[in-house]
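Where a number appears in this text, it was derived from the coordinates with a stated rule and is not lab data. From a predicted model like this one, the values you see are computed outputs, not experimental measurements. Here the Cβ is made from the backbone with ideal geometry for all residues, glycine too, and neighbour counts use every protein chain on show.
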Protein chains: 2
Amino acid sequence: MVDINDVREARERISPYIHQTPILQSELLNEVAGAELFFKCENFQKVGAFKARGATNAVQLLSSEDLPRGVATHSSGNHGAALAWAASIRNTSACIVVPSNAKQVKKDAIAAYGAEIVECEPTLPARESALHQVVKETGANFVPPYDDERIIAGQGTVALEMLEQMENLDAALIPVGGGGLLAGCLLGFSGSSIETYGIEPEGADDAYRSVASGERIKAHSPDSICDGLLTTLGEGNFPIIRDRIADILLVSDQEVIDAMYLLWTRLKIVVEPSSAITLAGLLGNRDLFAGKRVGLVLTGGNVDLKNLPFDQLD
Amino acid sequence: MVDINDVREARERISPYIHQTPILQSELLNEVAGAELFFKCENFQKVGAFKARGATNAVQLLSSEDLPRGVATHSSGNHGAALAWAASIRNTSACIVVPSNAKQVKKDAIAAYGAEIVECEPTLPARESALHQVVKETGANFVPPYDDERIIAGQGTVALEMLEQMENLDAALIPVGGGGLLAGCLLGFSGSSIETYGIEPEGADDAYRSVASGERIKAHSPDSICDGLLTTLGEGNFPIIRDRIADILLVSDQEVIDAMYLLWTRLKIVVEPSSAITLAGLLGNRDLFAGKRVGLVLTGGNVDLKNLPFDQLD
């Protein structure tokens, strides 16, 4: 079972390759929120997203026997780009199964890191079937996007940095899709008193329903502007989250767009909707965080600049 | 005559109020440029632009007798917002004359800092006439946007920070509109061997023509996407620039848009066209900077997110 020691080892392993990303603050956003906010800027991470951490951890752990067969995965974008990049560092190949509705900008990024792209229908069974075919044909090492101990440990290194960079944190807000980052950070925060909240789109609320019912929901027809959070909560991720989470908070797409606009205009940074959801979750639950010191993970900055949602502002 | 000692004193004076802004780098942009680039991120400055520096210097220098009458200026945006903000810190009033074609997002920012806005025709004579009227009626202290020693000294503090944050710089690229930042930085770099280039829009090339002819051009019908660089080179700014500049480089609006896209997608930051012009100037003159260590000032990040130029990409 993966624990904080795996997260600490992952940090040692990946630190030569990834960035320790900066923290940003804004007086105006603190005023709007009624709390002291610390933004962990994983949009400045390698490949523009925290996914570089888990992918690097998994690829660096491959043995010299496994390495030459390359890696493969299914991904709607950032994990695919991260795995392609991590594979290129070890001079091995990557094949990424991508749902046909993935953003073009994310497909372009995967291709730019030299990976092969295989398109499939945008369902989990179609993704798994296409991936199975790739692995069968090439012998590539499957590196899952989130339901994997190497990935969970790698993503959890975000929390270790937050503990060092943000003193006396009361709460942390972390997006939840498949649950790799959230489970990893919950492990990374082990032993601290930080109340950790998962933030999830209303239109992709399987983690919320899973935690509420105590049983992992698998039937899931997600619909949200948060294209990084459409995946189904992972089997290995669920118990870690269920046992340690303060709560899962739901957010509408409109709230995400409004929060994204605030982040772009006030912090002057490019973040994707799946990142802005943490600020949206805070602003929709101000009472919960009033006067507290809150860390918010901004998970990535890979957006299509030709197709932004700011004409839909409230 | 303003010199490096004024810049050093300005730094002491304004440092309690402004940010020492960070430097960003990108391996990919270094590869594209064939040089080592250091981006000075004044888009993260107070009010989202370097203009906070000069305005703060001027307002902090007001005597206790002058202060109660408030301040006034004409500005297409960032200087107006910066002066409004700097006035609010000393609890005095600000009145900003704004050309009718100024971006709404910049007018909103001025209003948000509590200043009064007076609109006028978008010509220099109309701006000066409206400002004259305001000063006559209210007795407000005029703080010019660039042709002013307090402003030049304040903006020059950017160069002092660059000298500390970027070691062994070979060259610096700085946007030029009225010439406050460029003249100030040339003074700030005094005694160093840094070759400093002013970067100017093709459609607003009065600094280029002034330096080429040795005489300041006043007839000017600017047309460029760089809304912060439409002003005419200042009288006091011109000799400083003429005597110290390596060259003025011209850039088309299309090159600005392409460079802006690179900065947004690779650095994950929001910068305005008047900032992106420095990268455009470098990419249009690669031979000049090949293999060198180059500092580029990103002057501000105040853009209208509902009206971005990325549908005009090459």
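Can you give the Rg/Rh ratio of region A:27-90, where Rg is from the C-alpha atoms and Rh is the Kirkwood radius?
Dividing the radius of gyration by the Kirkwood radius yields 1.23.
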| Approximate shape of region B:34-185 as ellipsoid semi-axes (Cα gyration tensor, √5λ), whole Å, largest first | 28, 17, 13
| Approximate shape of the protein assembly as shown as ellipsoid semi-axes (Cα gyration tensor, √5λ), whole Å, largest first | 47, 27, 21
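Specify, per residue and in Å³, the volume enclosed by the convex hull of the alpha carbon atoms belonging to region A:173-261. Numbers along the way, then the final one.
Values: hull volume 7.7 nm³, N = 89.
Convex hull of Cα atoms, per residue: 86 Å³.
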| said: Can you give me the long-range amide H partners of B:ILE117? Hydrogens built in the peptide plane at 1.01 Å from N, cutoff under 5 Å, separation of 5 or more residues or another chain. | reply: B:ILE96
| query | If you take the beta carbon distance between B:ILE117 and B:ARG242 as r and set R0 to 22 Å, what does 1/(1 + (r/R0)^6) give as a FRET efficiency, to the nearest 0.05? | reply | 0.05
| said: Can you tell me the mean projection area, over all orientations, of the convex hull of region A:248-314's alpha carbons? Units nm², please. | reply: 4.8 nm²
| field | Mean separation of Cα contacts under 8 Å, 6 or more apart, over the residue count of region B:52-142: relative contact order % | value | 31 percent
| field | Nearest-0.05 FRET efficiency for B:GLU215 and B:ASN5, computed from C-beta distance (R0 25 Å) | value | 0.30
| message | With n ≥ 4 as the cut-off for DSSP H runs, can you work out [θ] at 222 nm for chain B, using -39500 (n - 2.57) per run divided by the number of residues, rounded to the nearest 500? | response | -12000 deg cm²/dmol
| Over all residues in B:266-274, what is the mean tally of Cβ atoms on other chains that come within 10 Å of each residue's Cβ? | 5
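With a cap of 13 neighbouring Cβ atoms within 10 Å, and only residues DSSP puts in a loop, list the GluC sites (Glu not before Pro) found in region B:161-249.
B:GLU167, B:GLU215, B:GLU235
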| query | Where does the charge balance sit around B:VAL98 when Lys and Arg score +1, Asp and Glu -1, over other residues with C-beta under 9 Å from its C-beta? | reply | +2
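Once you have the alpha carbon radius of gyration of region A:52-142, what is it after dividing by 2.2 N^0.38 Å, with N set to its residue count?
Details: Rg = 11.9 Å, N = 91, 2.2 N^0.38 = 12.2 Å.
So region A:52-142 has a normalised radius of gyration of 0.98.
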| field | Residue-by-residue Karplus 3J(HN,Hα) for region B:270-283, coefficients 6.51, -1.76, 1.60, Hz, glycine and proline x | value | 9, 10, 8, x, 4, 8, 4, 4, 5, 5, 4, x, 5, 5
| said: As an exercise, identify the chymotrypsin sites (Phe, Trp or Tyr not before Pro) in region B:56-163 lying in DSSP coil whose Cβ has no more than 10 other Cβ atoms within 10 Å. | reply: none
| Using the Cα gyration tensor of region B:78-118, with a ≥ b ≥ c the square roots of its eigenvalues, what is the shape: rounded (a/c below 1.5), prolate (a/b larger than b/c) or oblate (neither)? | prolate
| request: Starting from the Cα of A:LYS136, step 7 Å along the direction of its Cβ; do the same at A:GLU27; then give the gap between the two resulting points in nm. | output: 6.3 nm
| said: Treating only the Cα positions of chain A as identical point scatterers, give the base-10 log of I(q)/I(0) from the Debye formula at each q in 0.08, 0.10 Å⁻¹. | reply: -0.31, -0.49
| field | Relative contact order (%) - chain B, alpha-carbon pairs under 8 angstrom, separation at least six | value | 22 percent
| Quotient of Cα Rg and 2.2 N^0.38 Å for region B:120-165, N being how many residues it contains | 1.60
| message | I'd like the trypsin sites (Lys or Arg not before Pro) in region A:211-310 restricted to DSSP loop residues with at most 11 other Cβ atoms within 10 Å, sorted by number. | response | A:LYS218
| Volume in Å³ per residue [convex hull over Cα atoms, computed for region A:135-294] | 133 Å³
| query | Tell me, in nm to one decimal, what length is gained between A:ASP223 and A:HIS19 on full extension, where the rule is 0.36 nm per residue of separation less the Cα-Cα distance? | reply | 70.3 nm
